[in-house]
Amino acid sequence: MPLPISQVTSVALFSSHGLIPATACLGAVRYLQTQTTTSPTSQPNPLHAFPRTQQQQQQQHQPPHPSQPLRALKPRQTARTSPLPRPTMARFSPTAAAAPSVAAALERAAELEEIQEEAVEERVEEELEERLHAVLGTFNAPVRFAFAYGSGVFPQAGYSAKKRPMVDFVFGVTHPGHWHSLNMRQNREHYSFLAGLGSDAVSFVQNKVPAHVYYNPYVEIKGMLIKYGVISMDTLLDDLSNWKSLYMAGRMHKPVKILRDDARVQLASRDNLNNALRAALCLLPAEFTEEDLFHRIAGLSYRGDFRMILGENPHKIYNMVFSQQEQFRELYAPLIEQMPNVSYVREGEFLQQDMDPRMRGAMIQAMPKGFVETLRRRHQWYLARSNFMHGHGVIEDSKVAQSIASSPQLPQYVSKALVETVRAPALVQSIKGLVTAGPLRSAVYVSEKLKKQFKASSSATRSDDKEAQP
């Protein structure tokens, strides 16, 4: 009778683990075979229930060679009515495997590059602000409020990065006469021949001649070429709140770098920005883009300024908004959210304003009183010319703003009111600048402005010619 598999396996395992010699294992196998065949109590092996071939019987009785390892027994598989489907293996593609990793690497590289650019820009801005504060710190005369503005502070399109333009400063002072007296002792070379007449003469020219600012251009301090203007705090606050000339208020419609702040100027400046937003909305249709709004705001103080015809870059407003759109957004986005008649739509791509005359009338009524009075005069003249007032008498004061808002001529009213406010002070201030700067520096200043205008006009003409070519 053949030896049971369990016994052969146990003996072979002892041999494979080195517990007994191989010859002893063979002897033990033969002994067990003899005992099994002679044992009267041996039971038939169920594995032999089916007849086997002679080759299978030889393989069954032939013991494994000691040098050959025993094969592990496979686990029994339960019967199934249908075989399980073979799992599908995804084909390996080097290109498909490398594509996500390459795309992720490129995206990460772009993110790192953007972070580095932002870090460089922040560092450049910090260094510029440090230099601006250093320039301000050189003045011994007391300055209550100061800011820097223009293309020398906020880079604009059309200017070379190697040759930075002159940096513009404005100093708000409490007593202009006293301030000029102290400053002339320290910086006599900053002034023109007017300084020979004394600080009272300089203060008189500043306070009595519009737009009530005294500029000293082409001054070099700590390696920076600057132009600084001096204005009294009372005049500055009056222009911000009431739009007397829009000379300083208009400059503060645009982004500026505050170097020394004042609480009163903060409040007046907020009113100034709100009024600029209201005036721009009067010039815009029901739906418009953010860029359209910023163009209108930036151009308010240039309406009626003769320098836009002679001496200024005709693309100045576009260059300013294009390069400083983020700064404009920081100024006006919070005000837009608080204004009830305008809001962002289409996921922030457009803005929409309520054209209801009552809403627009309330908006107009909140603007500076002198400016609203100019709008009222224009509106009454329009009504009289159109014979709308025949038989209706004078419009009640409570309904004037609503009547102005409902007029189809509202954009023309606002535009002409801006021209009337800006034109005279801007012209007189430019003429005064020729005197306060002196003949030599005035000639240099005017020539630089004309070169800028000629260069911009020439580049625009060349681009138009290229577009016209087939």
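Just a few scattered comments:
- Any hit, the stretch 349-357, residues being touching a residue at least 40 places away in the same chain (Cβ under 8 Å), crowded, with 18+ Cβ neighbours inside 10 Å and within 33 Å of the chain's Cα centre (by Cα): yes
- Pairs, first among the polar types (S, T, N, Q) in the stretch 170-189, second assigned to a helix (DSSP H, G or I), C-beta under 8 Å, six or more apart: Thr174/Met233; Ser181/Ser199; Asn183/His190
- Count of the stretch 327-339 residues which are open to solvent by 100 Å² or more (accessible area, probe 1.4 Å) and either in contact with a helix residue (DSSP H, G or I) (Cβ under 7 Å, 6 or more places away or on another chain) or under 20 Å from Ile258 (Cβ atoms) (or both): 1
- In the stretch 292-329, the residues that are assigned to a helix (DSSP H, G or I), among the acidic types (Asp, Glu) and either within 27 Å of Pro210 (Cβ to Cβ) or modelled with pLDDT of 95 or more (or both): Asp292
- Residue in the stretch 314-322 that is open to solvent by 10 Å² or more (accessible area, probe 1.4 Å) and in contact with a Leu (Cβ under 9 Å, 6 or more places away or on another chain) present: no
- Count of the stretch 245-262 residues which are over 19 Å from Thr235 (Cα atoms) and in a helix (DSSP H, G or I): 0
- Of all the listed residues (Pro165, Pro155, Pro255), the sole one being in contact with a Phe, Trp or Tyr (Cβ under 8 Å, 6 or more places away or on another chain) and in contact (Cβ under 8 Å) with a residue 24 or more places away in the chain is Pro255.
- Test: residue in the stretch 278-288 that is outside any helix (DSSP H, G or I), open to solvent by 40 Å² or more (accessible area, probe 1.4 Å), more than 22 Å from Glu347 (Cα to Cα) and in contact (Cβ under 8 Å) with a residue 12 or more places away in the chain: no
- Entry remark, the stretch 192-222: residues being open to solvent by less than 10 Å² (accessible area, probe 1.4 Å) and of a type in the set (Phe, Trp, Tyr) number 1 in total.
- Selection within the stretch 216-235 - within 18 Å of Val202 (Cβ to Cβ) and touching a residue at least 24 places away in the same chain (Cβ under 8 Å): Asn216, Pro217, Tyr218, Val219, Lys227, Tyr228, Gly229, Val230, Ile231, Ser232, Met233, Thr235
Condition check ((1) over 21 Å from the mean Cα position of the chain (by Cα); (2) among the hydroxyl-bearing types (Ser, Thr, Tyr); (3) in a helix (DSSP H, G or I)) across all residues:
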position: Val102; (1), (2), (3): yes, no, yes
position: Leu112; (1), (2), (3): no, no, yes
position: Glu126; (1), (2), (3): no, no, yes
position: Pro142; (1), (2), (3): yes, no, no
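The values are calculated or read from the model by the stated rules, or taken from the named source; none is laboratory data. Just so it is clear, the structure is predicted and the values come from calculations on it, not from any experiment. Note that each Cβ is placed from the backbone with ideal geometry, even for glycine, and that neighbours are counted across all protein chains shown. Please note that ligands, DNA and RNA were not included when accessible areas were found on the heavy atoms of the full protein model with its side chains. Shrake-Rupley method; radii C 1.70, N 1.55, O 1.52, S 1.80 Å.
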